[in-house]
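The values are calculated or read from the model by the stated rules, or taken from the named source; none is laboratory data. Keep in mind it's a predicted model, so treat the numbers as computed, not measured. Cβ placement follows ideal geometry from the backbone for every residue including glycine, while neighbour counts extend to all protein chains displayed. We work out accessible area using only protein heavy atoms, side chains counted, and drop any ligands, DNA or RNA first. Shrake-Rupley method; radii C 1.70, N 1.55, O 1.52, S 1.80 Å.
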Amino acid sequence: MVELALTPGAFQYGRGLVSRARLYPHKEAFVMTTLRLRCSKSRTIKDFAPIDPNNVRMYVCGPTVYDRAHLGNARPVIVFDVLYRLLRHVYGAENVTYARNFTDVDDRINATALARKEAGAPGTLEDLIAERSEETIAWYHADMDALGTLRPTHEPRATAFIGQMIAMIDDLIAKGHAYEKESHVLFRVRSYSNYGKLSGRSVDDMIAGARVEVAPFKEDPMDFVLWKPSTDDLPGWDSPWGRGRPGWHIECSAMAHELLGDSFDIHGGGNDLIFPHHENEIAQSCCAHPEGRFARYWLHNEMLQVEGKKMSKSLGNFFTVRDLLNRDIPGEVIRFVLLSTHYGKPMDWTEKKAQEAASTLHKWHELVQGVEPAALDDTVLTHVANDLNTPGALARLHELAKAGDAAALLAAGQFLGLLGADETWWRPKEARGDAALRVEALIEARRQAKAARDFAEADAIRAQLSAAGVEVVDKPGGLSEAVITDAFNPDLLG
Ligand code: AMP
Ligand code: ZN
């Protein structure tokens, strides 16, 4: 059950103590949802209390944009999308800020650009590098949109924050936490006594266990790169240490600080990033901004695996989200499959899971046709608020479906990013085609009515489309665009 606190007087707003309560007018009482999250840093499940309930802030490490995202990369996107939706539900959509970066400084991006240049592509190497990042970001957006994920509030690109990275590195040198040697700047790991707290290892264990690069310019093998020189044929930026580029870890520290401040609520990513990436982010941020606490809760998703091994580009055991979409596996089905396992457990993709998800979703879509969503079911909310127990939430959706409670099923599905009205894949092919053709025909009829100055008719057609959940946006030059909203109901197209 969601914890209920029925005496409004018992509430404390503001810093720390309890999450902001939401008012459900139909219950005539405050209902408080206690969020519980497993924090990797404390290794315990803790009640979540934001620093500022009016500005709940989350940072998630995003992709390096050198190629299509594989299915493993989609797992954190979906997991943190559920958390984002939950936070918006509890604290109000306008009170949640979610930043997820694009790493667009990377040797693999450069390599593709260079290969294209050598193959005779027009433009400078810099243009071709930018083009490769743009192209990959557009694919990423298309693929993640297809999985029903909301775009974060901020999607910073590393190349747009080089100034902030340089300033942060400068500050770390001034404070004695970093040093310059042979045009490199390195972080002095031994200067930060809490190093290793996140992954629970001592520096000496890490040196023994990790393949750390020993380089002549390092004081200590554990020290990691904040800035490195660029050769003339690589992208580079002027800095106090010569022309060069940032190390990967400093990118996230600088962008998180710029967008979310010294202290923010949640930092997320896959658990393959705990060491060294997140350990290094913590060291950099806490040493540069000792007055802040950096991230207060650390959340990590487990890996999507293939036969017991992490799906990864480097192992070559991957397929992309686009591969699945191209095989006519709907994004909604992929999302359902990923939500069926708790984020803290490893999981496999199987065709059997996909078939079962498709058949369940098909039934659910039929059930919710023409239904208005009810208020969000408490049990579903409680499951998701309990450390994102999405399998528990889906089990409850099965119960709601079995009980024929279509309105509750629809609300709960939409809360999880499922059962959107624009999902048409489950309809018979003819019906899908019909709806699209019908929308097109109505838009054309309206255009003709406007051209004939029959504005009453044009307005009537707009109203009919709107009633069916299609909003018409007029564009310059007499063109109109049809926007399919969540309320789309093709049966009302007439
Ligand atoms: P990358 O572009 O490799 O830095 O990865 C982007 C995000 O995907 C990071 O949050 C990684 O932790 C995550 N990730 C990479 N591989 C997997 C996998 N097989 N399963 C789950 N998450 C993954
Ligand atoms: Zn990061």
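How long is the gain from VAL371 to ARG36 if the chain were fully straight, where each residue apart is worth 0.36 nm and the alpha carbon distance is subtracted?
The span from VAL371 to ARG36 would gain 117.4 nm if fully extended.
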A chain fully extended from HIS154 to GLN305 at 0.36 nm per residue, minus the present Cα-Cα distance, gains in nm 51.4 nm
For the chain, averaging the sequence separation of alpha carbon pairs under 8 Å that lie six or more residues apart and dividing by its residue count, the contact order in percent is 14 percent
1/(1 + (r/R0)^6) with r = Cβ-Cβ of ALA463 and THR350, R0 = 45 Å, i.e. FRET efficiency to nearest 0.05, evaluates to 0.45
Accessible-area order for THR64, THR136, largest to smallest, probe 1.4 angstrom, reads THR64, THR136
In degrees, nearest 10, the alpha-carbon axis of helix 71-91 is tilted away from the dominant principal axis of the alpha carbons of the chain by 70 degrees
Between ASN317 and ASP47, the FRET efficiency computed from the C-beta separation at R0 = 45 Å comes out, to the nearest 0.05, as 0.70
Cross-link reach from LYS218 to lysines, straight Cα distance under 26 Å and at least 8 residues apart if same chain, gives LYS175, LYS181, LYS197, LYS228
With only helices counted (DSSP H, runs n ≥ 4, each -39500 (n - 2.57)), the per-residue ellipticity at 222 nm for the chain, to the nearest 500, works out to -12500 deg cm²/dmol
From most to least accessible, 1.4 Å probe, no ligand or DNA/RNA atoms counted, GLU279, GLU94 line up as GLU94, GLU279
For VAL483 and ALA208, extending 7 Å from Cα along the Cα-Cβ vector and measuring point to point gives, in nm, a value of 6.0 nm
Farthest towards the positive end of the dipole of the chain, among ILE250, TRP349, VAL203 and with Cβ unit charges of +1 on Lys and Arg and -1 on Asp and Glu, lies the Cα of VAL203
In nm, the gap between the two label points placed 7 Å beyond Cα toward Cβ at ALA93 and TRP425 is 2.4 nm
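Which value, in debye to the nearest 20, describes the size of the charge dipole of the chain about its Cα centre when Lys and Arg Cβ atoms bear +1, Asp and Glu Cβ atoms bear -1, and nothing else is charged?
Result for the chain is approximately 1000 debye, rounded to the nearest 20.
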For LYS309, the lysines lying under 21 Å Cα to Cα, once residues fewer than eight places off in the same chain are dropped, come out as LYS345, LYS352, LYS353
Between the Cα axis of helix 107-118 and the main Cα principal axis of the chain, the angle (0 to 90°, nearest 10) is 80 degrees
If the label point sits 7 Å along Cα→Cβ of ALA111, residues of the range 305-346 with amide N under 11 Å come out as 314
Looking only at aspartates and glutamates whose Cα falls under 20 Å of LYS41's and that sit 8 or more positions away or on another chain, we get ASP204, ASP205, ASP262, ASP265, ASP272, GLU279, GLU281, GLU291, GLU302, ASP387
By the Cα gyration tensor axes a ≥ b ≥ c (a/c under 1.5 gives rounded; else a/b larger than b/c gives prolate, otherwise oblate), the shape of the range 37-301 is oblate
Once SER263, SER359 are ranked on solvent-accessible area with the largest value leading and a 1.4 Å probe, the list reads SER359, SER263
Spelling it out for VAL306: with amide H atoms placed in the peptide plane at 1.01 Å from N, the residues 5 or more places away or on another chain with amide H under 5 Å from its amide H are MET311
Rounded to the nearest 10, the angle in degrees between the Cα long axis of helix 406-415 and the longest principal axis of the Cα atoms of the chain comes to 20 degrees
Computed about the Cα centre, the charge dipole of the range 37-301 from +1 Lys/Arg and -1 Asp/Glu charges at the Cβ has a magnitude in debye, to the nearest 20, of 960 debye
Rounded to the nearest 10 Å², the accessible area of LYS181 using a 1.4 Å probe with every protein chain kept is 90 Å²
Calc'd 3J(HN,Hα), the range 226-242, phi into Karplus 6.51 cos²θ - 1.76 cosθ + 1.60 (θ = phi - 60°), Hz, glycine/Pro = x, comes to 9, 8, 9, x, 10, 6, 4, 8, 10, x, x, 10, 5, 8, x, 10, x
Counting only protein heavy atoms and rolling a 1.4 Å probe, one gets per residue an accessible area for the chain in Å² of 45 Å²
Counting only protein heavy atoms with a 1.4 Å probe and every protein chain in place, the carbon and sulfur fraction of the accessible surface of the range 191-299 in whole percent equals 49 percent
Each label sits 7 Å from Cα toward the beta-carbon; between ASP127 and LEU437 the label points are separated, in nm, by 4.5 nm
Using alpha-carbon positions, the gyration tensor of the range 372-494 gives root eigenvalues a ≥ b ≥ c; with a/c under 1.5 called rounded, otherwise prolate if a/b exceeds b/c, else oblate, the class is prolate
